[in-house]
Structure formats: C-alpha cells, structure tokens
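Below: one structure, written as structure tokens.
The values are calculated or read from the model by the stated rules, or taken from the named source; none is laboratory data. Being a predicted model, the structure only gives us computed values, none of them experimental. Here the Cβ positions follow ideal geometry from the backbone for every residue, glycine too, while neighbour counts run over all protein chains shown. The area values use the complete protein model at the heavy-atom level, side chains included, leaving out ligands, DNA and RNA. Shrake-Rupley method; radii C 1.70, N 1.55, O 1.52, S 1.80 Å.
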Amino acid sequence: MRKPLPAVVAFIFVVSAFSGAIQANPNPPVDESDGYTVTGERLDETLIGPWIIESNEEVIARDQAMPPSMRNPKARNGEHGQWIVPTPRAVSPTGSGNYNITNKWGDTRMGIGFPRPVRLLGAHLGGQTNLSVTTPGLRVVGYLQGKEVGRTELIRGLTLAPQWFDFNMDNVDRIVFEAEAAQADAGWFTLDDLTYVDIPAPGEAFGQATIIDFDDLRYNYKLTGSGYRGLTWEEGSGPIPEADPVDANILPAPAAPVDRQPVDASSNTDNESAGEFLLRGGGSGPTLLAGYQGVFSGSDPGANSIPPDTCGAIGPSHFVEVINTSYVVFNKSNGAKVQSMSLTSFFNGSGQGFTGGDPRVIYDTHSGRWIVIGTNFNGVSPATIHIAVSTTSSATGSYFKTFFVAAAGTDAACWVDYPTLGVDANGIYIGAYMVGCGLTIFAIDKAPLVAGTGMGTVTAFRGISTGEVTLQAAQVYGTPVTPGGYIISTPSASSSSIRFRRVNPPISSPTLTTVATVAVNSYSSPPDAPASGSSTPLDTVGSRIMNALFRNGFFYATHCINVGGRAAVRWYKFQLNASSPFITLNQQGNVSDATLSYFFPSVSVNDNGHMVLGFSGSSPSQFAGAYYCGRLVNDPAGQTTAPALLKSGNASYQVLDGVGRNRWGDYSLTSVDPSDNDTLWTVQEYVHAGNTWGTWLGKFTFAPVDLTPPLPDPMSFSIAPTTVSTSSVYMQATEATDTDSPPVNYYFDYVSGAGGHDSIQASRDYTDTALPLANSNYTYRVAARDSATPNFNQTGFSVNAAVSTAIETPTGVSFGTITDTSVVVNATGSFSNLGFLQTGMFYEMTPAAGSGANVWVTGAGANSITVTGLAPCTQYGFRVKARNFQGIETGFDSASPTLVLTTGCGDCALLGDLNLNGAVEGGDIAGFVGAKLGSPVGGTNPQCAEYGGTLEQDIDAFVADLLATS
C-alpha cells in the first residue's frame, strides 16, 4: 500500500505545493544587521477601544453576577473532534508546503464527504506532535450513498515524517478515517495532499486529479463546517473519553513562526560532557524564607484553563498572580488571599468581550503602578490586546483599562499569540507573534495610562524576522546608559547568538534599532519533559526567551534548551556599553541534571546583583514540581547552586490539548520586591493533584555578605614590573587596605609572554622567576582580594604593564680577520632575539680610532662588526656589552679590554730591537714581554721577539742580547 505518488499525480502535486508555498507569509523576513533602524506604524485612534477606571470591588461584583460556568469556546467541553490546521508550533512535518490538517482531540472517527462520486487515489499520512499520541493503527473506509464499498488495510507504523499511501477506492462519495486509540479513546494523525479524481460520466475519460494540500489556508483554521473546496468536513463521531476534563479550558499553545518545522530535539544538543560552561552547584544560593499556596485549577474564579500561563509579581504590599484566567491578590507578609476574580470580568469593563488569556503582570517601579495585559485568543475577531494600569501602588484598588486592535496593517488577517510585557521609564512594550504573519512589537506611551487620561500613542513595528520565535520585552530598572525599551530574542530555535533590539525615544514617535546580535554558546530546542505517570511528556514550548530584565548596567535573560537530550535551563548576563560593542556577554550558565528535566525558567536579580532562577522540573520517576537555584553576584562566573525543590508534585499529569500535547507552562516569573530591592519572589507550576495544575509562591533572600573590595580600586603598581635578569622580573603592588574582611592578598596576573606565572600572595612584592626566554616581553597586571566569605571581593585590575627580560651578557671578545687597517671583532656567547627593536651590542675600543666601534650596533648580525680605518702595526683593545629590545643594558664582558694588533709591522732588522731604535736595550723589555704574551705594545715590532726557538730559548737569546750590549 505504501509507495511513491504516481507520476501524473506527482507532477500536479509539485505544481500545487509550489503555488501554495509562495503565499505563506505576507511579511517576509528582513535581514537585520546591527544598527538597522526602522520607523513604526502609529495605530489609528479607531483601533483603540474605550477606556474605563473601575475598582476591583466592581469587578468582583460583576464576577459574582456571571453564570456559574463561563467555558472558553476553545475548550473541548465534551465536543467531538474537528478537522483543523494546527498552529505553527503544533504542525508536524507536512507532505508539501507549510500546512496539513489533523483530527482535533484525537477523535477516532473523522469523515469527509464529496459532492459527487470520486476515485480516491491516496494521501500523505503521518503522526501528530508526538508518537505517544499518534494512532497505532489507521484505516480509511469508503462509502457510496451510505453503504460501505471498500476499506484499506490497517495502516500501522505512522511516523512524524508523513508517508504517501495509496487508497485506490473507486466510486465513493464519503470516506471515514478510523483510528485506533493511543490515549484514552484518542489517537491523532495528520492528513496532507488528499488526492482524488471525479468519476466521469459514462463514455467520458477521467479528468485531472484534484490535490488538496491545504496551503491556501491559515493556521488554526477549522475545516469542519466550512465547506472548504466544496467538500463536507465532518465533525468527529468517535467516543469522548470518560476521563476528559470537560470543565477545563485547554487553551491554544504558543505558536511558532511560519517557517518553523518541528525538529527532533535529540539531534542537536548542547553537549554537557564538553564542559564549556555547564557549571552548577558552585554558587552561593538564596535562603527560602517562605512558600505559599498560589492559584490551582478550580481554586479561583476563571482558574480552570490549561495551561495556567503562570505569571505573578511582587509589589509594595501584595503579590499579584495572573493566570489563565484569574487575577488573584495575596498579602505578601503571610500569603493570605486578599482578592480573587476572573480575568474575563477583570478586562470586560473595558467595553469589549474578553474571553482570552496569555496574561502578564509586572510592578512598574518607575511609576509605582501595576500593569496587566492579556489577549483574546485565536478565532476572536478583531484580535485585541488588553491593558490595565493601577491608579495607585495598591493591587486591590482601581485600574485604568483599555485595549487596542493588534490585527491591523499587514497583520490584519492574523491573531495575537504569546504576548510579552516590558517597561521602562517612558513606555510599555509588548512583543507578540501575529500568527500567520510575523512578529510585531507594540510600543505604548505610558504617561496617559498612568495619569488615567486615555491610551497613549501606540506604535507597531510589524513584519519582524520570522526566524525568531518570541520577542521578549525586558523590564528595565533604572535608566540604561542608552535609554529605550529593550527587546531580547533568539534568532532561531537553534542558534549560537542572542539578539537585542531597542525602541528608541521619544515614545510618542519611536524608532526600532537592532542593537546587537551577541555570540553565546550554541543551543537548540529542548525535548518535551518526561514525568512520572505521564505517558505523553510535558510540553516545553521550545527555546524562546522566557523573561528578561535590565538592572545596574546588565541584562539578564533565561530560556530552556537541550542538554544531553533533556530540557535544561540556560541563563545569561550581558553588559550594556556606551559605545560599540554596545552589548557584550558577561557570563552564561546551564542548570541541568542527569535525570531531571528543567523547563519554563524565569530569572530576576536584586539591587546587589544576587540572582534567583525559578523553574519546573520532572523525570520519568518524579512528578512535575517547582524548583529554584541562585547565585551571589561575585560567585564564580557561570555557576549557580544546585537546584532545590520549592514544591514537590503530588500526582501524575496527563491533560492533552486538541493536537495531542500535554500542556504545561507556558511561562513563569521571578521578581524583586520594590520595598527593599533585595527580597526575591517566584511563582512556579507543580502538580497539585491528579491531572490538576497548581502554582506555588516562593520568597527568597540572601544572607548579608561583604561585597566591597579593598582599596584602592582599581589597583596599581607602586613599582612597575622591572627587569632583573634574563629569567626574572620584579614588581611591587600599591599597598591595599580592607577593614571589613582582612587580610588582603595580592593577585599578580601574568597576562602575556611565554611561560610567565600568576601569583596570589600576602606580600605585595613579587618576583616572577624561571622565565624561559631572555630579551622577551612579559605583561602583568595586579589586583587585590579581601578574605570575605563565601566569596572574596576583588578590586579591578591595574592597567597592564609591560616589561622585558634582560638579554644575555656577552662572555668575551674574539677576533676574526685582522689586516693593516681593519679587524673583525666578535661578541662571544648566545643572544636572544638579535635584530628585534633596540636589541644590539656596544663595542668599546681603546684607543678610539677608525669607524665601526664605540657605537650601538643593531640588527640580526650585531654580534659581529668590522672596524676599519686603523693604523698598521697598532695595538687596540676591545670589550663589549649588550642591550635588550627595551634598551636595558648588560655590563661589559670584562673589566679590561682584549687587545689586538693590526698587521703591517714589516720584517725585523735586529732581533731583540722591538722598539726599533737600532739597539737591544732595556727599552725593548716591555715590547718583548708583550709580544710573547700575545699583547703587543704599541710602537713595537713583535717580529723582533721571534728568535726561532721555544719560548724558553727565545727568552734566553733575548737576555743574552741585552747583556751583550750593556
């Protein structure tokens, strides 16, 4: 049954697939280099909804007046399956183009009716999302006028990659796909490139085949009841599982851009064994002060959606949790619940029916206000984003509320997914995926909302690169060196960089700049997370940035990645600079485990820079629970404490959405208390009871530690590195003091040069010995460390100081060719790096004469010179010294010169008459001795000392001549 497409069908199929693929995205991606700047699109006032200021008490009253059940229309609520186009992140590989269809809820009987009898040729069939939910067996049954006329063999072994199957059914007007259950009366499959030919009238030939490749549709399109392509796309008729949580709103999963396709996560992993920076367990962690029960499924009005989209923030007096779909306020001093209402009621005061979710909340320290957002889900037209800003710092008082239409301009045909929320002094920033179009950033003038006078200017930056998955707006504390709203993203699901954009003021007329794409260690999308009792692993939604913030000159961000085939947490710290490069990586780290998966992380830091990470965790032998870890600002780079359990899971969790995913998340949040800028809070998801999610609040602090380095800071040298010898240099640090955590140690850091050495020592005097290279450059810097625990504090380093080792001292002088007027003089010994910069030799000559001596000689041949212009038969003395490339000189080779006599003295007229006065007398004695010792005396002829015998014989002959003339 399984075979390639017939040739004629294949040809039509290729043409059809191509024509469908070219219309996939109305906003083509733009190649954004650093510095790329665009202007935005100011939203027309007609796209901004009415506003209202109302108290939470009014909302609660409206909530109480609502009917007991406010089911989300996107929930199953006992309904049968439908034919749908999955959302981008839920699309399994297609047979062609970008789209296929699937049986929502895994309904095991799904029919398609034809307006007239057809010959059914075949289709591409595949698994949906995960093989654990893919039907183990599928057959197609053909009907004509209500009677079964054929059926295929049972198809087994469907894979996520679709395969072509021949159906070869003649004369059918209806087909039913019958799927065996993979999960509690549910079994999913995908259908693509459905191919058939109309049955011709008698005597006529078959016409051209019809191929339905679905590429003229859009994501999340419901075919059931639509009449698409003139066919009847039936509602499913399979059994509904008895255990189906009909009262739960299973909400749409976060989508991915148009050109994303599912990837086998195990095929591209961050290899933990490489040990590049996978540091954990070495940091100094936070202290858990308190843990409080947060919202759980069914605990509060609206809290019946799956997943919860866990989000909550700490403020001056309260912790506010917004989840799908509730707004709940807790007393931060004791965790007591203060207020509770549904998001549907909370946002419906703005004048438009709100039935959505994807909520976010932050406490804006610039304005002292709470900011809450949410969006209507797909299928609600027009697609809107709702905003609420508190009128005071209290979360229990009143809110200014309004909304705007996000689906406009080039996004008009699309809907909002996974909006993120950030803020700075001037604006509110929302990053959103406009499903089927692209990524969009909305920049909103905050001042009118805070004042309660209306919606501020809304500027949309549309059509941002579709390779990115989520545009995570950052919460900005303080004022960055370059002000603006910052947006952080992963350029793709698998990458080795993080991208930064900035919305530039003025917020009433902003521009958007791609600031930097910063290299980081590579990452890829995490696999889903196995959990005890869950036959389908928990959905981890990919490697998108989960949250981001700016504080005290640094950005912090986190996301989930693949480490060793398991979901793990990656976190980053980036430095913001005033000049290029504007953003640089300060450090990064992973939190991973050999058996546990960690996912949906969030990060925050307090004013000291101490960090807390919160996240979910699970394993095949452990229910999904809540975890945390952290680090002090001065912990070793890349390290955190080992993960600690915040709240254990209590049971198994298996709640599948319409396309077969076991939904979890879709995010979490960790925040810092604005009252002290020190205490940190997190809200994390765990399994509260069987197939029931819950959230747990954690409150953390760090024990007081000395964070002040010694003085002076930065350090300096009181004696800069100084040459001592060919193999050693000396330096002295400026004296440092530290009154909080003495004693002080000095860190002498060898920066460059061959074979230098670092030293951490109590003494501020340091001699680096056993350096391997003479006449070579070495660079050092120095810092001071105190004795604080658990981590010392270190000053900044001094400026780098360069020093050279000495060159070797010459061992002596030798002579080469000697003539009447010249002599070749050699410096003996081995010399390093002759010819480098100032490296050279100085040949001292006495008496001074001619040219070539008594000057510094450089170059590779400086160990030998030729002195010219000398007098014949004249004695000269030489000694030599060297200097290194920095001009530091050695001593001379000896205290006295080495003598040499030029040639040209002539023959001896009278033996013994060395002074050439015509007689052998006492004036010749010095000349005779000098000649015999090899040091001729100037003005003498050493040839007159050569009697032709041995030394003793020549001495006797000379003495005899002296006596004969006396």
## Note on the structure
Along principal axes, largest first, the alpha-carbon spread of the stretch 778-863 in whole Å comes out as 79, 22, 20
### Task
Rank these by accessible area, largest first, 1.4 Å probe: Ile52, Ile925, Ile212.
Ile925, Ile52, Ile212
### Message
If amide hydrogens are placed 1.01 Å from N in the peptide plane, which non-local residues have theirs closer than 5 Å to the one on Ser367?
### Response
none
#### Entry: Beta bridges per DSSP with both ends in the chain, % antiparallel, nearest 5
95 percent
### Task
Using θ = phi - 60° and the Karplus relation 6.51 cos²θ - 1.76 cosθ + 1.60, list the HN-Hα couplings for the stretch 820-832 in order, rounded to whole Hz, with x at every Gly or Pro.
4, 10, 8, 8, 8, 10, 10, 8, 8, x, 9, 10, 8
### Message
In whole Hz and in residue order, list the ³J(HN,Hα) couplings for the stretch 690-700 that follow from phi through the Karplus curve 6.51 cos²θ - 1.76 cosθ + 1.60, θ = phi - 60°; x for Gly and Pro.
### Response
x, 6, 10, 7, x, 10, 9, 9, x, 10, 10
### Message
Sorted from largest to smallest, which semi-axis lengths in Å does the alpha carbon gyration tensor of the stretch 81-234 give for its equivalent ellipsoid, taking the root of 5 times each eigenvalue?
### Response
25, 17, 14
### Task
Enumerate cysteines in the chain without a disulfide-compatible partner, where compatibility requires another Cys Cβ under 4.7 angstrom.
Cys311, Cys560, Cys629
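For the stretch 285-699, which whole percent of the accessible surface, found with a 1.4 angstrom probe, sits on carbon and sulfur atoms?
Roughly 50 percent, rounded to a whole number.
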### Query
Rounded, prolate or oblate: which fits the stretch 285-699 when a ≥ b ≥ c are the square roots of the eigenvalues of the alpha-carbon gyration tensor, with rounded for a/c under 1.5 and prolate only if a/b beats b/c?
rounded
### Query
Rounded, prolate or oblate: which fits the stretch 745-890, taking a ≥ b ≥ c as square roots of the Cα gyration tensor eigenvalues, rounded meaning a/c under 1.5, else prolate when a/b beats b/c?
prolate
#### Entry: Reachable aspartates and glutamates, given that their alpha-carbon falls under 17 Å from the alpha-carbon of Lys573 and they are not under 8 places away in the same chain
Glu276, Asp607, Asp635
#### Entry: Under 5 Å, built H, 5+ apart or other chain: amide partners of Gly150
Gly142
### Summary
Sites removed, the longest contiguous part of the chain containing no DSSP-loop GluC sites (Glu not before Pro) with at most 11 other Cβ within 10 Å is 243-966
### Message
Suppose all protein chains stay in the model; what accessible area per residue would a 1.4 Å probe give for the chain, in Å²?
### Response
36 Å²
### Task
Run the accessible area of the stretch 81-234 with a 1.4 Å probe and give the carbon-and-sulfur part as a rounded percent.
45 percent
#### Entry: Amide H contacts under 5 Å for Gly904, placed H, 5+ residues apart
Cys873
### Query
Got a sec to turn the phi values of the stretch 82-97 into Karplus ³J(HN,Hα) couplings, 6.51 cos²θ - 1.76 cosθ + 1.60 with θ = phi - 60°, whole Hz, x for Gly and Pro?
9, 7, 9, 8, x, 5, x, 6, 9, 6, 6, x, 9, x, 7, x
### Query
Given only helices, namely DSSP H runs of n ≥ 4 each adding -39500 (n - 2.57), what is the per-residue ellipticity at 222 nm of the chain, to the nearest 500 deg cm²/dmol?
-2000 deg cm²/dmol
### Query
What is the Cα centroid distance between the stretch 289-333 and the stretch 685-701, reported in whole angstrom?
10 Å
### Task
Find the centroid of the Cα atoms in the stretch 176-196 and in the stretch 363-421, then give the distance between the two in whole Å.
38 Å
### Message
Along the Cα→Cβ direction, 7 angstrom out, place labels at Asp607 and Leu962. What is the inter-label distance in nm?
### Response
9.9 nm
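If you roll a 1.4 angstrom probe over the protein chains with everything in place, what fraction of the accessible area of the stretch 905-965 belongs to carbon and sulfur, to the nearest %?
Its accessible area is 60 percent carbon and sulfur atoms.
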### Task
Over the residues of the stretch 905-965, compute the C-alpha Rg and express it relative to 2.2 N^0.38 Å.
0.96
## Note on the structure
Percent of all Cα-Cα pairs per 20 Å bin for the chain, counting from 0 up to the last occupied bin, reads 12, 33, 23, 13, 10, 7, 3, 0
### Message
Need one word for the stretch 810-900: rounded, prolate or oblate. Basis is the Cα gyration tensor (sqrt eigenvalues a ≥ b ≥ c); a/c below 1.5 gives rounded, then a/b vs b/c decides.
### Response
prolate
### Task
Any lysines with Cα under 18 Å of the Lys446 Cα? List them, leaving off those in the same chain fewer than 8 positions away.
Lys401
